[in-house]
């Protein structure tokens, strides 16, 4: 079965220039450095990792909001790089994004009715003002907003309500894929669960596929079907939630899982934590070989420092990129 979204060897490099008169390019920031994954219809894939590992750049590059340096992004079997400007505009109707910051992602000079109506008008999805207004009110109700507030401005709403407006705007064009770029990280903890439950309900009702970007595993616990773990521009392990959280095999995944707090204080005190040493390397000059080897507790100097591990099939639907994966059955 053809995946809804197929990303292969995606690279996004940002040039860095000297400060001198001639402004020669002195290097490049390798924000995304050879990333591959697939996303099927109706599936929710979580993309997790430390801040600065390239998650948001990946999400925006998938939508071609940031042009890839190289690699392939296929949506419904079509290569996005081969599309003309008008064809890409039509394709974007089926590919939407929910931004991280609900305060900065809404135009403060537009009413929320106009904000939600904009994609309807842009893509010609409704005919006439009455039909547009009716659709806007329907979307507001779907996302838990009172339709009576249609003429209010973004500053009159709380953070959670603004994120609901962003979700309603994303749903307006009836997309098949939504990139959720850390949609709960700027919200209060009490509101985060409400937004996650709304996204889960919408995915089930409308058969939506999400690329859900988060910086910690606990945010994707009840939402994602599969999880991809990123480190310094690359995916190091992909698997189901149970595989990633119960039996992590990549050393970085084990460290990430062990950093998630446990509600049971006795279990929290008794478990073995994987503590990483050193700092995250700069994407301007990533380490040779495996990017993780300078901080890896099981790295071997010769092979790990010189040989770049490929993302391989580890069985049971799990993939990983490590020369010496952990094979134990116990969790980290």
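Do you know which of the residues in the range 284-323 that are free of Cβ contacts under 8 Å to residues at least 40 places away in the same chain and on the phi > 0 side of the Ramachandran plot is surrounded by the most Cβ atoms within 10 Å (Cβ to Cβ)? Among residues in the range 284-323 that are free of Cβ contacts under 8 Å to residues at least 40 places away in the same chain and on the phi > 0 side of the Ramachandran plot, the one surrounded by the most Cβ atoms within 10 Å (Cβ to Cβ) is 289. Out of curiosity, is residue 254 outside any helix (DSSP H, G or I), modelled with pLDDT of 90 or more and either buried (at least 16 other Cβ atoms within 10 Å of the Cβ) or in the same structural domain as residue 69 (by TED's automatic domain parsing) (or both)? Taking the combined requirement at face value, the residue does not satisfy it. One residue is enough: does the range 263-283 have a residue meeting the conditions in a helix (DSSP H, G or I) and crowded, with 17+ Cβ neighbours inside 10 Å? Scanning the range 263-283, I find no residue that is in a helix (DSSP H, G or I) and crowded, with 17+ Cβ neighbours inside 10 Å, so the answer is no.
Just to be sure before I move on: is residue 281 touching a residue at least 60 places away in the same chain (Cβ under 8 Å), out of contact with any helix residue (DSSP H, G or I) (no Cβ under 6 Å at 6 or more places or on another chain) and within 20 Å of residue 33 (Cβ to Cβ) in the structure I sent? Against the criterion (touching a residue at least 60 places away in the same chain (Cβ under 8 Å), out of contact with any helix residue (DSSP H, G or I) (no Cβ under 6 Å at 6 or more places or on another chain) and within 20 Å of residue 33 (Cβ to Cβ)), residue 281 does not qualify. Give the number of residues within the range 220-242 that are surrounded by fewer than 21 Cβ atoms within 10 Å (Cβ to Cβ) and either free of Cβ contacts under 8 Å to residues at least 60 places away in the same chain or under 30 Å from residue 294 (Cβ atoms) (or both). Going through the range 220-242 one residue at a time, the tally reaches 5. Applying the condition of being touching a helix residue (DSSP H, G or I) at 6+ places or on another chain (Cβ under 6 Å) and in a helix (DSSP H, G or I) to the range 116-134 and asking which residue is farthest from residue 200 (Cα to Cα) yields 132. Of everything in the range 151-173 that is assigned to a helix (DSSP H, G or I) and touching a strand residue (DSSP E or B) at 6+ places or on another chain (Cβ under 7 Å), the residue that is surrounded by the fewest Cβ atoms within 10 Å (Cβ to Cβ) is 170.
Restricting attention to the range 71-85 and to residues that are assigned to a strand (DSSP E or B) and touching a helix residue (DSSP H, G or I) at 6+ places or on another chain (Cβ under 9 Å), the residue that is nearest to residue 176 (Cα to Cα) turns out to be 75. Do we find that residue 141 is surrounded by 16 or more Cβ atoms within 10 Å (Cβ to Cβ) and in the same structural domain as residue 65 (by TED's automatic domain parsing) in this structure? The answer is no for residue 141. Reported count of residues in the range 174-193, each being without any contact (Cβ under 8 Å) to a residue 40 or more places away in the chain and surrounded by fewer than 21 Cβ atoms within 10 Å (Cβ to Cβ), is 6. Return the total of residues in the range 8-63 being under 14 Å from the mean Cα position of the chain (by Cα) and part of a loop (DSSP other than H, G, I, E, B). Going through the range 8-63 one residue at a time, the tally reaches 8.
The set of residues in the range 188-216 that are more than 17 Å from the chain's Cα centre (by Cα) and not in a helix (DSSP H, G or I) comprises 188, 207. When each of 67, 102 is tested for being modelled with pLDDT under 95, in the same structural domain as residue 195 (by TED's automatic domain parsing) and buried (at least 16 other Cβ atoms within 10 Å of the Cβ), the lone residue that passes is 102.
The values are calculated or read from the model by the stated rules, or taken from the named source; none is laboratory data. The model shown is predicted, which means the values in this text are computed figures rather than measured ones. For neighbour counting, all protein chains shown are included, and Cβ atoms are generated from backbone atoms with ideal geometry for every residue, glycine included.
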